[in-house]
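Asker: Structure provided below as structure tokens; questions to follow.
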Amino acid sequence: MERKRLVVSYENLPPAVIEAISRKYPDGYLNHVFKVQAGNTSFHAITVDTEDVSYLVKVKVKVDKMDKLLEDAVLSGEEDIKEDEKAFEAAQDDHISEE
């Protein structure tokens, strides 16, 4: 019998699945998160299996401001990277001036 496959947000998981995540990722799942592209949207996820179900668990991830700018440029297919380079430089300047 094949396992059922579910996509579920971490916040909506039953306690038994959260325990399975803790066992699979005893040092945390930060280094195991991957990005899923689903049509025009994307999300970050981890995987965990129980006896009956394979879960793709949506998790929240903090995205660096610059990473987000570059990601948006790539995903939108923009040819003109000059604007993003300017935003990158501005973000670096902001970061340096905050130190």
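We did not get these values from a lab; they are worked out from the coordinates using the rules stated. Model, not experiment: these values are computed from the prediction. Methodologically, a virtual Cβ is constructed for each residue, glycine included, from the backbone with ideal geometry; neighbour enumeration extends over all protein chains shown.
Asker: Starting from the Cα of residue 49, step 7 Å along the direction of its Cβ; do the same at residue 6; then give the gap between the two resulting points in nm.
Answerer: If labels sit at residue 49 and residue 6, their model points lie 1.7 nm apart.
Asker: Considering amide H positions built from the backbone, and no H for Pro or chain starts, which residues 5 or more places from residue 50, or on another chain, come under 5 Å of its amide H?
Answerer: Placed amide hydrogens put 55 under 5 Å from residue 50.
Asker: Test of understanding: extend the Cα→C-beta vector of residue 23 to 7 Å, then name every residue of segment 32-63 with backbone N under 19 Å from that spot.
Answerer: It comes to 46-57, nothing else.
Asker: From the mean inverse distance of alpha carbon pairs (Kirkwood) and the Cα radius of gyration, derive Rg over Rh for segment 4-59.
Answerer: Rg/Rh for segment 4-59 comes to 0.96.
Asker: So, one more: From the backbone phi of segment 13-30, what are the Karplus-calculated ³J(HN,Hα) couplings (6.51 cos²θ - 1.76 cosθ + 1.60, θ = phi - 60°) in whole Hz, Gly and Pro given as x?
Answerer: With coefficients 6.51, -1.76 and 1.60, one gets 7, x, x, 5, 6, 4, 5, 5, 5, 4, 6, 5, 10, x, 9, x, 9, 3 Hz.
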